[in-house]
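Engineer: Here you go, one structure.
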């Protein structure tokens, strides 16, 4: 993995954990996902237009179908993730969702894309997976209230694995520009989420009046984090990018324990050490 790819993915991890913290703090719903997406499309429209004007990308049937697939997968991701946050804490849902994704992605990348990460990289990915279990460890004795959160977190993780592989194909094989893929699929997400907004229009209006700063910040951060990852995936094997991206778990767990007072700081510190070792092995490999 090159230094540029490492920097892009690491910065993306910080940004990703931050917007998840904000979404959990305001208890975001499905209609909020529509707000995030719609505002993102407005904010990033000039960049997308710039790509079209300067790059003259091909936008045929295959490209549009790929964007549509990305829109469907990311819509499912947002709905499952936000549902999980309404059922459980950030320090439960975030580690489980983010940890399930890269492990499945690495296995699928090897089986379906023919990628061959080194033994060091695979060892690093394994340690990252172990650290995820340690981060969420106190929750394995689940009560009925936590069970729903775990289910949605695991489903979110499976969705992450699917969209990571799909989007890797989009940027590295189809050749879609990361900004154009994110913006085009965002238009599709906004359309898919519109029924939720219409059904909860009173809530939408209240959010715009009471939470404008949080909405704008999340709307700006979501595409930025993923554009960085897509850029890295355009020239780096996905089996390296996906596990490294999970450093965001450390930040999310710290935010849950500190800012949201969800506790378990000592166990999460030990898990952080395990994850750092995994990241080093993954990078060296």
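The values are calculated or read from the model by the stated rules, or taken from the named source; none is laboratory data. Here the structure is a predicted model, which means the values were calculated and not measured. Please note: Cβ atoms are built from the backbone with ideal geometry, for glycine as well, and neighbour counts cover all protein chains shown.
Engineer: Report whether or not residue 111 is part of a helix (DSSP H, G or I), modelled with pLDDT under 90 and surrounded by fewer than 17 Cβ atoms within 10 Å (Cβ to Cβ). Before the answer, list the steps.
Structural biologist: Details: part of a helix (DSSP H, G or I): yes; modelled with pLDDT under 90: yes; surrounded by fewer than 17 Cβ atoms within 10 Å (Cβ to Cβ): yes.
For residue 111, the condition - part of a helix (DSSP H, G or I), modelled with pLDDT under 90 and surrounded by fewer than 17 Cβ atoms within 10 Å (Cβ to Cβ) - is met.
Engineer: If residue 59 satisfies every condition in (1) in a loop (DSSP other than H, G, I, E, B); (2) more than 29 Å from residue 240 (Cβ to Cβ); (3) touching a helix residue (DSSP H, G or I) at 6+ places or on another chain (Cβ under 6 Å) but one, which is the exception?
Structural biologist: So residue 59 meets the others, but not (3).
Engineer: Tell me which residues, restricted to segment 247-266, are part of a helix (DSSP H, G or I) and modelled with pLDDT of 75 or more. Give the derivation first.
Structural biologist: Going residue by residue through segment 247-266, those that are part of a helix (DSSP H, G or I) are 247-258, 265-266.
Listed by number, the residues that qualify are 247, 248, 249, 250, 251, 252, 253, 254, 255, 256, 257, 258.
Engineer: Can you find a residue in segment 197-205 that is buried (at least 21 other Cβ atoms within 10 Å of the Cβ) and touching a helix residue (DSSP H, G or I) at 6+ places or on another chain (Cβ under 9 Å)? Don't jump to the end; show me each part of the working.
Structural biologist: Within segment 197-205, the subset buried (at least 21 other Cβ atoms within 10 Å of the Cβ) is none.
No: zero hits.
Engineer: When residue 118 is evaluated against the numbered criteria (1) modelled with pLDDT of 85 or more; (2) surrounded by fewer than 16 Cβ atoms within 10 Å (Cβ to Cβ); (3) farther than 24 Å from residue 194 by Cα, which criterion, by number, is the only one it fails?
Structural biologist: Looking at each condition in turn, residue 118 falls short on (1).
Engineer: Looking at residue 224, is it closer than 25 Å to residue 188 by Cβ, within 14 Å of the chain's Cα centre (by Cα) and part of a helix (DSSP H, G or I)?
Structural biologist: On the way: closer than 25 Å to residue 188 by Cβ: yes; within 14 Å of the chain's Cα centre (by Cα): yes; part of a helix (DSSP H, G or I): yes.
Yes: the conditions hold for residue 224.
Engineer: Another one. Out of curiosity, is residue 66 at pLDDT below 95, assigned to a helix (DSSP H, G or I) and surrounded by 18 or more Cβ atoms within 10 Å (Cβ to Cβ)? Quick ask: steps written out before the conclusion?
Structural biologist: Values: at pLDDT below 95: no; assigned to a helix (DSSP H, G or I): yes; surrounded by 18 or more Cβ atoms within 10 Å (Cβ to Cβ): yes.
Against the criterion (at pLDDT below 95, assigned to a helix (DSSP H, G or I) and surrounded by 18 or more Cβ atoms within 10 Å (Cβ to Cβ)), residue 66 does not qualify.
Engineer: Does at least one position in segment 15-32 carry a residue that is loosely packed, with under 15 Cβ neighbours inside 10 Å, touching a residue at least 24 places away in the same chain (Cβ under 8 Å) and within 30 Å of residue 89 (Cα to Cα)?
Structural biologist: The first filter runs over segment 15-32 and keeps only residues loosely packed, with under 15 Cβ neighbours inside 10 Å, leaving 27.
Okay, now just the ones that are also touching a residue at least 24 places away in the same chain (Cβ under 8 Å), so 27.
Those still in the list that are within 30 Å of residue 89 (Cα to Cα) too: 27.
Among the residues of segment 15-32, at least one is loosely packed, with under 15 Cβ neighbours inside 10 Å, touching a residue at least 24 places away in the same chain (Cβ under 8 Å) and within 30 Å of residue 89 (Cα to Cα), which makes the answer yes.
Engineer: Something else about it: Being at pLDDT 85 or above and either touching a strand residue (DSSP E or B) at 6+ places or on another chain (Cβ under 9 Å) or at negative phi (or both) is true for just one of 181, 135, 103. Which residue is that? Reasoning before the result, please.
Structural biologist: Working: 135 fails: at pLDDT 85 or above; 103 fails: at pLDDT 85 or above.
Unique residue meeting the criteria: 181.
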